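The values are calculated or read from the model by the stated rules, or taken from the named source; none is laboratory data. Remember, predicted model here, so these are calculated numbers, not experimental data. Because the Cβ atoms are built from the backbone with ideal geometry, glycine has one as well, and the counts that use them run over all protein chains shown.
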């Protein structure tokens, strides 16, 4: 019995060593295509998205959304914040996508599509902390929580907003 445990342990250590050597060889080989113009392999796309979704659910489950989230003033403030910081990558109704927005990969989602869920607690979290390896910055270093809740309010309330209504919200006086 002891001999079989030692054999299994040695085999597991050997497999791990070969796997680690293979990973290091891959890293230093230069064969990985890192260009933003090349899509991920389907398995990589699935693994990254599933990891993101699972982490998002776990990390945001205890965030409390303000009860007065969608006040007109907060939504208008969120529209201005979106226009100044987000539209460049995520686009906006009636506004052509910028050169940055067309060049990033993975492509930034269209946050104002009528079919988006834009859960406020998750929008707040992503805006505050960003998302690794996507180009999504952490705005919590530049903006306070009240500003980020305003962004969440805008993105939740104004999904499917028309170009005219978007322009009106962005141009409202505080």
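Residues being more than 17 Å from residue 72 (Cα to Cα) and in contact with a strand residue (DSSP E or B) (Cβ under 9 Å, 6 or more places away or on another chain) are represented in region 152-165 by at least one member. Within region 145-174, residues that are touching a residue at least 24 places away in the same chain (Cβ under 8 Å) have Cβ atoms under 8 Å from residues that are exposed (fewer than 14 other Cβ atoms within 10 Å of the Cβ) and in a helix (DSSP H, G or I) in these pairs: 174/73, counting only partners at least 6 apart in sequence or on another chain. Would you call residue 112 under 22 Å from residue 171 (Cα atoms), touching a strand residue (DSSP E or B) at 6+ places or on another chain (Cβ under 9 Å) and at pLDDT 95 or above? Yes; evaluated as a whole, the condition is true for this residue. The numbered conditions (1) surrounded by 10 or more Cβ atoms within 10 Å (Cβ to Cβ); (2) in a helix (DSSP H, G or I) are all true for residue 58 except (1).
If the condition is being free of Cβ contacts under 8 Å to residues at least 60 places away in the same chain and in contact with a strand residue (DSSP E or B) (Cβ under 9 Å, 6 or more places away or on another chain), then region 84-109 contributes 87, 89, 108. So is residue 70 assigned to a loop (DSSP other than H, G, I, E, B) and modelled with pLDDT of 95 or more or not? The answer is yes for residue 70. Sub-8 Å Cβ pairs linking a first residue in region 18-46 that is more than 18 Å from residue 135 (Cα to Cα) to a second residue that is at pLDDT 90 or above and surrounded by 10 or more Cβ atoms within 10 Å (Cβ to Cβ), at least 6 apart or interchain, are 32/26, ordered by first then second residue.
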